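Data block below; observations after.
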4 protein chains.
Amino acid sequence: MAEYRLPVRVYIEDTDAGGIVYYVNYLKFMERARTEWFRDRGHEKPALFGDDLMFVVHSVSIDYRRPARLDDCLVATARVTRAARTYFVMEQTVVRDDELLCSAEVKVACVTRGQMKPAAIPAAVLEAARS
Amino acid sequence: MAEYRLPVRVYIEDTDAGGIVYYVNYLKFMERARTEWFRDRGHEKPALFGDDLMFVVHSVSIDYRRPARLDDCLVATARVTRAARTYFVMEQTVVRDDELLCSAEVKVACVTRGQMKPAAIPAAVLEAARS
Amino acid sequence: MAEYRLPVRVYIEDTDAGGIVYYVNYLKFMERARTEWFRDRGHEKPALFGDDLMFVVHSVSIDYRRPARLDDCLVATARVTRAARTYFVMEQTVVRDDELLCSAEVKVACVTRGQMKPAAIPAAVLEAARS
Amino acid sequence: MAEYRLPVRVYIEDTDAGGIVYYVNYLKFMERARTEWFRDRGHEKPALFGDDLMFVVHSVSIDYRRPARLDDCLVATARVTRAARTYFVMEQTVVRDDELLCSAEVKVACVTRGQMKPAAIPAAVLEAARS
């Protein structure tokens, strides 16, 4: 399945006193890429869709290779590697030019908004995830 | 009216590449103090109370004097200076020992959760704000 | 002086449990606009420039009118209203289409990186700020 | 090795429009626990220590089980499971009463501040990590 690429500029809000991007914030960059990937497939409200369902992150495994710095121009990527009935799995990276800064596997589950029980991903969304 | 004082430790998440606390984050420290001040007066759910009402920040005026740094042990203060029917005004500071780091005036309004229309602060909450 | 306009998409990271953009985060949107406004004038490293100088926010006065929500497409604006020897003042807003969501006056000061003493803004930067 | 436990209150800054704690923020809670665990062992400057060395997060694997909500009183835990020459590994959780909300394995590496090359953890720090 195709890789989605989102440009991300590093602002002072993203950095920490180590002089680098605060490692937690790469997860935000990756989520922006997941969201835009979904929007790109025609889903205008990617995170909280419909009245009853929402996506939640079920697990993340992330490796940090090299730091990004203030004013860097990065790219956050998103690619679905598995789309099941109630969840999907994405491989995501943050790169600077050809350099890999970090990579992650993110499992996102569809749940009901009230009870947060696992729920089937709507067919149209699932189809988009698989394309 | 009495001043409330909340200890706040500075973590790496609070800092930026300038090596100091990211200036936006003082507003978070101040909000924690407002919240705990309310909790201290017996309101367990200070931000979103009841099913229909919530507090929103209407305006902030903040002055920065000196920077805080990683691992600093700060105190965020909160003191009501005016409590009206639909809003209250607080004077807040962040200090390190006897040193003033920043000070702000924050106006907080009570609104309905759906339409976000101005609403009367419940009597018990208002009384707490005035004590 | 000309107004700079930066498109800003609202992601889940920007929101809070009130279902709206967390009010503190508008300051981040405004800072991105200030930064890009500077970059647009040829300053690639707007926040920490040179080895010895940096910009710090000296004071902010911000009014919140209407809330932004998840997935909104906003514009953050920045316009210099005063450029003095050691600081400048900007008028900034966040708008959604023609609707004003919040407006702020932000005073940004030039200081030395070590001692954080007031310092003259370099001539080229000041000229850019005034154009 | 002993488990360290840090109480963490959930504020509005920690939540998102899903009405729950934004999943990325559990990593902040866990980092606070790591930091206080270190401080508890006598290291006042846990993140950026000495002039030449700092700790960076090398990898994180995190599982989310149940959501935390606004005003919750949580506990973030930290326990070293492996302390090697240039890195250590921690098992961390966030719990609410007896309920596990999320758990993570975090690998933290010691690097030089300039080049960010792997470096030996100072003996006193390593000893603390092992106690």
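The values are calculated or read from the model by the stated rules, or taken from the named source; none is laboratory data. From a predicted model like this one, the values you see are computed outputs, not experimental measurements. Here the Cβ positions follow ideal geometry from the backbone for every residue, glycine too, while neighbour counts run over all protein chains shown. Accessible surface is based on the protein model in full, side chains and every heavy atom, while ligands, DNA and RNA are left aside. Shrake-Rupley method; radii C 1.70, N 1.55, O 1.52, S 1.80 Å.
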(request) Mind listing just one residue for me: the one in segment B:48-64 that is open to solvent by 30 Å² or more (accessible area, probe 1.4 Å) and modelled with pLDDT of 95 or more and, of those, nearest to residue B:100 (Cα to Cα)? (result) B:63
(request) Evaluate segment C:116-130: report whether one residue or more is part of a strand (DSSP E or B) and crowded, with 16+ Cβ neighbours inside 10 Å. (result) no
(request) Please enumerate the residues belonging to segment B:1-13 that are under 24 Å from residue C:58 (Cβ atoms) and in contact (Cβ under 8 Å) with a residue 40 or more places away in the chain. (result) B:8, B:10
(message) When you scan segment B:15-35, do you find a residue that is without any contact (Cβ under 8 Å) to a residue 40 or more places away in the chain and either more than 25 Å from residue C:58 (Cα to Cα) or open to solvent by 30 Å² or more (accessible area, probe 1.4 Å) (or both), even just one?
(response) yes
(message) Suppose we keep only residues that are assigned to a loop (DSSP other than H, G, I, E, B) and more than 9 Å from chain C (Cβ to nearest Cβ) within segment B:66-81. Which one would you say is surrounded by the fewest Cβ atoms within 10 Å (Cβ to Cβ)?
(response) B:69
(request) Kindly check whether there is at least one residue in segment D:37-46 that is in contact with a Leu (Cβ under 8 Å, 6 or more places away or on another chain), surrounded by fewer than 19 Cβ atoms within 10 Å (Cβ to Cβ) and within 29 Å of residue B:33 (Cβ to Cβ). (result) yes
(message) If I filter segment C:55-97 down to residues being within 15 Å of residue C:125 (Cα to Cα) and of a type in the set (Phe, Trp, Tyr), which single residue comes out as farthest from the chain's Cα centre (by Cα)?
(response) C:87
(message) Among the residues in segment C:91-105, are any part of a strand (DSSP E or B), open to solvent by less than 50 Å² (accessible area, probe 1.4 Å), under 22 Å from residue C:42 (Cβ atoms) and modelled with pLDDT of 95 or more?
(response) yes
